[in-house]
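Everything below concerns the one structure shown next.
The values are calculated or read from the model by the stated rules, or taken from the named source; none is laboratory data. These figures come from a predicted structure and were not determined experimentally. Glycine gets a Cβ as well: all are built from the backbone with ideal geometry, and neighbour counts include every protein chain shown.
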Amino acid sequence: MFKSAYLERVFNDVLKKDFGQPEFIQAVETFFLSMDDIISQTPQIEKYGIIERLVEPERFIHFRVTWVDDQGIARVNRGYRVQFSSVLGPYKGGIRFHPTVNASTMKFLGFEQTFKNALTGLPMGGGKGGSDFSSIGKSDGEIMRFCQNYMLELYRHIGADTDVPAGDIGVGNKEIGYLFGMYKKIRNEHTGVMTGKGLSYGGSLVRKEATGYGLCYFVAEMLKVYKSDRFDDKKVIVSGSGKVGLYAAIKAHDLGAKVVAMSDINGYIYDPNGLDMNLVTEITNNGELTLKYAEKTGCIHGKTPKDMWKVPTDIALPCAIQNELDLESAEHLVNNGCFLVAEGANMPCTLEAERYFIDHQILFAPGKAANAGGVAVSLFEMSQNAMHYPWPYDEVDDKLKGIMKEIFMKCYTAARKYKNPYDLISGANIAAFMRVYEAMMEQGIQ
């Protein structure tokens, strides 16, 4: 599979040791495919076991979370925190509450986070956490009790200079508040141990919008560099109606695009004349976007979210969850005129879909680069907490734009140097790896 015998050997070891962890293996394979030429040029990588060390997390914490529901019945969930790499700084990565959370998703997310954080140029290591708990159908009291019991274990392993979690799927302002409140009570300190906090107790402006906004800022750079173009009048489709999808759609609209379709778990909505983003925002804040929007407007409502990828578009922004966009969907996009795909979620495209886009010369932005805006503003929040001084909205937004432009240029420059200018997957992997590799070499074998 790989030109490098060293990579082949390490990948076979991963297949054996991490058997039954398909998401993690997929992330490793995608990364290794970009590394072949780098390995042959740099023999120190093999000599010092750099790749073996990169694919093995520094620490993997698996714990039980026991909580009591509103009927007084004890419930049990699995909790996780993977601390993948601290070579660049404290572990940094979100907490995900979703039924799909398991060891494989935690390791893939932590692995990707390591390189995503490296691309920002900021001092952050990579980590991720979560549980197979779902807040759907749960009362506020049940969510609070679960979060508090999750933190009763997690607090031992995190800290402002050790590991700084944030939110992710299923973990919004409510959950962050409950988690932080319990940490503060246990430790008797009010520190910047979590990001994504409410503005009333140390959160940052632009944090909730950051991943979606940053995605569009990255795409804007792609359009400018590759096509001497802008968002103006481009048709855009967005999957997912959480924070990433919502704010990506809002920013794309603000930059002049026509958002023609969006999806959620109940299906998708499509209006060739463009969706009413004010109405989308109003409904999304209350949940059930596609059902309620279609009911209010009479627009096309498809009951299968995946069918949205059949809609004619110029730009596709998958912002929901890993592996949501497969080869069949990629073929529909290309056949219907899509020329640019940018990942707002973590690894939302399957490996086969990625290869199809590249083979058909579709501009493609991998998530570890394109969706790094959220973690960048998380670091800004950490800085504000350390200073005990909040920054104004425009200052944070300007910093976010600058970070996303720098990330694009790092990926583009590495792609031109080592592969080809259009291979941003390799560009992102190589640029991130080189920073991590340099730090590992300087810090010695550990």
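Sub-9 Å Cβ pairs linking a first residue in region 302-313 that is at pLDDT 95 or above to a second residue that is among the aromatic types (Phe, Trp, Tyr) and assigned to a helix (DSSP H, G or I), at least 6 apart or interchain, number zero.
Inspect region 194-216 for any residue being among the polar types (S, T, N, Q), surrounded by fewer than 21 Cβ atoms within 10 Å (Cβ to Cβ) and outside the structural domain of Leu291 (by TED's automatic domain parsing) and give the result as yes or no.
Checked against the condition, which is being among the polar types (S, T, N, Q), surrounded by fewer than 21 Cβ atoms within 10 Å (Cβ to Cβ) and outside the structural domain of Leu291 (by TED's automatic domain parsing), region 194-216 yields at least one hit.
Okay, residues lined up against (1) β-branched (Val, Ile, Thr); (2) surrounded by fewer than 23 Cβ atoms within 10 Å (Cβ to Cβ); (3) modelled with pLDDT of 95 or more:
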| residue | (1), (2), (3) |
| --- | --- |
| Leu33 | no, yes, no |
| Ile39 | yes, yes, no |
| Val55 | yes, yes, yes |
| Asp69 | no, yes, yes |
| Val82 | yes, no, yes |
| Ser85 | no, no, yes |
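Contact annotation: residue pairs with Cβ atoms under 7 Å, 6 or more positions apart or on different chains, pairing a residue in region 246-260 that is without any contact (Cβ under 8 Å) to a residue 60 or more places away in the chain with a partner that is aromatic (Phe, Trp, Tyr), are Tyr247/Tyr213; Lys251/Tyr213; Leu255/Phe231; Gly256/Phe231; Ala257/Phe231; Val260/Tyr270.
What tally of residues in region 415-429 results from selecting those that are among the hydrophobic types (A, V, I, L, M, F, W, C), crowded, with 24+ Cβ neighbours inside 10 Å and within 17 Å of Gln41 (Cβ to Cβ)? If you could, list the steps in order and put the result at the bottom.
Going through region 415-429, the residues among the hydrophobic types (A, V, I, L, M, F, W, C) turn out to be 415, 424-425, 428.
From the residues that got through so far, the ones that are crowded, with 24+ Cβ neighbours inside 10 Å too are 424-425, 428.
Going one step further and asking which of them are within 17 Å of Gln41 (Cβ to Cβ), we end up with none.
Number of matching residues: 0.
Are any residues in region 359-411 polar (S, T, N, Q) and either without any contact (Cβ under 8 Å) to a residue 60 or more places away in the chain or surrounded by 24 or more Cβ atoms within 10 Å (Cβ to Cβ) (or both), and if so, which ones? Let's see the steps before the verdict.
Taking region 359-411 as the starting set, the residues that turn out to be polar (S, T, N, Q) are 361, 371, 378, 383-385.
Answer for region 359-411, where residues must be polar (S, T, N, Q) and either without any contact (Cβ under 8 Å) to a residue 60 or more places away in the chain or surrounded by 24 or more Cβ atoms within 10 Å (Cβ to Cβ) (or both): Asn371, Ser378, Ser383.
Is there a residue in region 301-317 that is in contact with a Ser or Thr (Cβ under 9 Å, 6 or more places away or on another chain) and within 20 Å of Ala372 (Cα to Cα)? Scanning region 301-317 turns up at least one residue that is in contact with a Ser or Thr (Cβ under 9 Å, 6 or more places away or on another chain) and within 20 Å of Ala372 (Cα to Cα). Scanning region 195-243 for residues that are touching a residue at least 12 places away in the same chain (Cβ under 8 Å) and at positive phi yields a count of 5. Condition test on Ser40, is it on the phi < 0 side of the Ramachandran plot and touching a Gly at 6+ places or on another chain (Cβ under 7 Å)? No; evaluated as a whole, the condition is false for this residue.
If you go through region 46-64 and keep only what is part of a helix (DSSP H, G or I) and closer than 11 Å to Phe84 by Cβ, you end up with Arg53, Leu54.
Residue by residue, here is whether (1) touching a residue at least 60 places away in the same chain (Cβ under 8 Å); (2) within 23 Å of His62 (Cα to Cα) holds:
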| position | (1), (2) |
| --- | --- |
| Ala103 | yes, yes |
| Lys107 | yes, yes |
| Glu112 | yes, yes |
| Ala118 | yes, no |
| Leu122 | yes, no |
| Lys128 | no, yes |
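Residue under question is Val436, and the condition is that it be part of a helix (DSSP H, G or I) and either closer than 30 Å to Tyr201 by Cβ or among the small types (Gly, Ala, Ser) (or both); does it hold? Considered against the rule, which asks whether it is part of a helix (DSSP H, G or I) and either closer than 30 Å to Tyr201 by Cβ or among the small types (Gly, Ala, Ser) (or both), Val436 comes out as no.
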